[in-house]
1. Just to be sure I understand: of the beta bridges DSSP finds with both ends in chain A, what percent are antiparallel, rounded to 5?
2. In region A:240-262, which residues become less accessible by 50 Å² or more once every protein chain is in place, relative to the chain on its own, using a 1.4 Å probe?
3. On average, how much area does the Cα convex hull of region A:86-137 cover when viewed from any direction, in nm²?
4. May I ask you to rank A:332, A:245, A:1 by accessible area, largest first, using a 1.4 Å probe over the protein chains only?
5. Divide the volume of the convex hull of the Cα atoms of region A:251-344 by its number of residues and quote the answer in cubic angstrom per residue.
6. Can you give the translational diffusion coefficient of the protein assembly as shown in µm²/s, computed by Stokes-Einstein from the Kirkwood radius over Cα pairs at 25 °C and 0.890 mPa s?
7. Can you give the accessible area buried between chains A and B, summed over both chains, with a 1.4 Å probe, in Å² to the nearest 100?
8. Region A:139-287: D in µm²/s via Stokes-Einstein (Kirkwood Rh, Cα pairs, 20 °C, 1.002 mPa s)?
Amino acid sequence: MKFSFASLARQALSGHQGWPEQWRSPDPKPSYDAVIVGAGGHGLATAYYMAKEHGLRNVAVVEKGWLGGGNTGRNTTIVRSNYLWEASEAIYGHAHKFWPTLSQELNYNAMFSPRGVMLLAHSHHDEYAFKRHIHANRLAGIPNEWLTPEQAKEFCPILNIDPGIRYPVVGAALQRTGGTARHDVVAWGYARAASALGVDILQNCEVKAMRRDASGAVSGLETTRGAIATKKIGVVAAGNTSVVMAMAGVRLPLESFPLQALVSEPLKPVMPCVVMSNTIHAYMSQSDKGELVIGAGTDAYVSYSQTGGLHIVSSTLDAICEMFPIASRLRMMRNWGGIVDTTPDRSPIIGKTPVPGLYVNCGWGTGGFKATPGSGHLFAHQVATGEPHPIAAPFSLDRFRSGALINEATAAAVAH
Amino acid sequence: MLLIRCPYCEMERPEVEFKYGGEAHLIRPNPNAASDEEWTDFLYFRANDRGIHAERWRHAVGCGRFFNCLRDTVSDRIVVTYKTGEKRPEAG
């Protein structure tokens with residue numbers, strides 16, 4: 001059913017009792033042309049673009065929990081594209097182009113709000129690094145500009161620019177086209193649109209093993225809901241990618257860490273933008289419900305615990321209270337940890353694996369949400385055609401052997 | 001926050017006294033003989049399993065020494081810590 005004024009009026013007359021389910025919940029078929037493992041935003045977007053742009057409709061998305069129940073539903077919803085290297089600017093820029101029209105595309109309100117993302121500089125080193133970023137971004141056609149502390153405060157009035165604080169604000173880089181979007185809706189919207197095109201979304205369907213044929217190529221999956229035969233498998237399992245890929249004997253240069261975020265009690269509007277600080281590892285924005293959404297860092301060690309150390313959150317809140325003294329009396333309502341898969345160069349891996357028919361889209365680390373539409377679009381091309389899209393080509397697994405790394409670890413903003 | 005026993009100080013101390021040092025028991029390949037694949041593996045590929053993980057920690061604000069640790073990556077429970085150079089114990 002298409003959402004429109006007419007459908008809303010019709011449902012209003014019948015007391016809103018007639019809204020249909022937003023996606024089908026079918027039983028698994030014995031075989032599919034392709035199976036995507038992981039029904040987060042990236043996996044669902046992949047299935048949607050495979051159906052829409054490549055005509056592959058006999059596709060399933062298998063998910064061990066419920067769709068959008070992992071990092072897609074647990075992130076700080078920031079959208080930006082101000083990365084340093086050309087390959088990164090191309091891939092994040094590609095993703096950014098989808099956001100302004102995503103609601104129309106999916107007929108589902110993604111609530112994209114390009115309210116501006118401001119990265120704070122706290123030292124001369126920061127200032128030079130950020131200015132280099134700004135110049136690189138502008139050469140690539142990505143808007144980014146330098147603000148003085150006074151201009152930064154004008155853009156975000158609750159910011160503390162007192163030069164006497166421990167980490168004073170010496171300036172900021174502002175991407176005005178960056179902002180936030182509604183994270184759950186991205187998963188739901190892609191699920192609904194993919195399901196309408198014939199994609200089967202199989203929830204509570206955990207992959208237990210991968211089958212290979214005599215040539216070594218993939219031939220199917222064993223799941224908790226039975227065996228599924230397929231010649232193409234795309235793994236988009238975020239923090240659990242290593243675990244799934246090990247079933248096919250494939251190792252990846254990934255480490256999974258807990259990344260924490262937290263939200264405050266709701267307030268009236270106080271914050272018109274997103275503010276990030278990599279130096280002191282804190283970032284904050286205000287949701288449409290009024291909660292301040294705060295991002296912290298990762299724990300130092302590999303973990304699948306989906307929780308994190310309290311000292312990580314505590315040091316982030318120290319920074320938040322210094323940057324935004326208004327927050328010092330706020331109560332935090334809840335915090336959570338998501339398991340993020342990070343690569344050595346902090347850039348994603350999209351492409352082939354040593355196993356024929358098995359493809360992987362992983363390593364988005366601490367900042368995958370912003371890339372959801374573009375990631376799905378590019379990975380759909382990979383799975384459907386067997387070859388990488390030109391924008392995704394530099395992000396191959398082979399770069400760790402060739403040495404052609406895309407190092408955003410020190411180059412780009414640490415926090416996402 | 002983890003509570004980690006330093007095998008040199010023989011004391012359980014809070015995690016903030018320590019620095020994480022990544023996967024333990026990695027062996028640097030022979031630079032005169034190693035292939036690209038061996039270097040790739042050594043430089044970039046790390047154990048990332050659900051379950052027991054062998055890792056290095058450094059008692060940064062204590063004795064300053066590196067030691068090894070077996071920890072369950074699902075529960076974060078530390079099974080055992082042991083001195084550098086000692087063989088990896090059987091996982092408990």
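1. The antiparallel proportion sits near 75 percent.
2. Buried on complex formation: A:251, A:255.
3. It is 4.5 nm².
4. The residues order as A:1, A:332, A:245, largest area first.
5. Working: hull volume 10.2 nm³, N = 94.
Dividing the Cα hull volume of region A:251-344 by its residue count gives 108 Å³.
6. After rounding, the answer is 102 µm²/s.
7. 2100
8. Rounded, D is 105 µm²/s.
The values are calculated or read from the model by the stated rules, or taken from the named source; none is laboratory data. These numbers come from a predicted model, not from an experiment. In this analysis, Cβ positions are derived from the backbone assuming ideal geometry, glycine residues included, and neighbour counts consider all displayed protein chains. Surface accessibility is based on the protein's heavy atoms, side chains included, excluding ligands, DNA and RNA. Shrake-Rupley method; radii C 1.70, N 1.55, O 1.52, S 1.80 Å.
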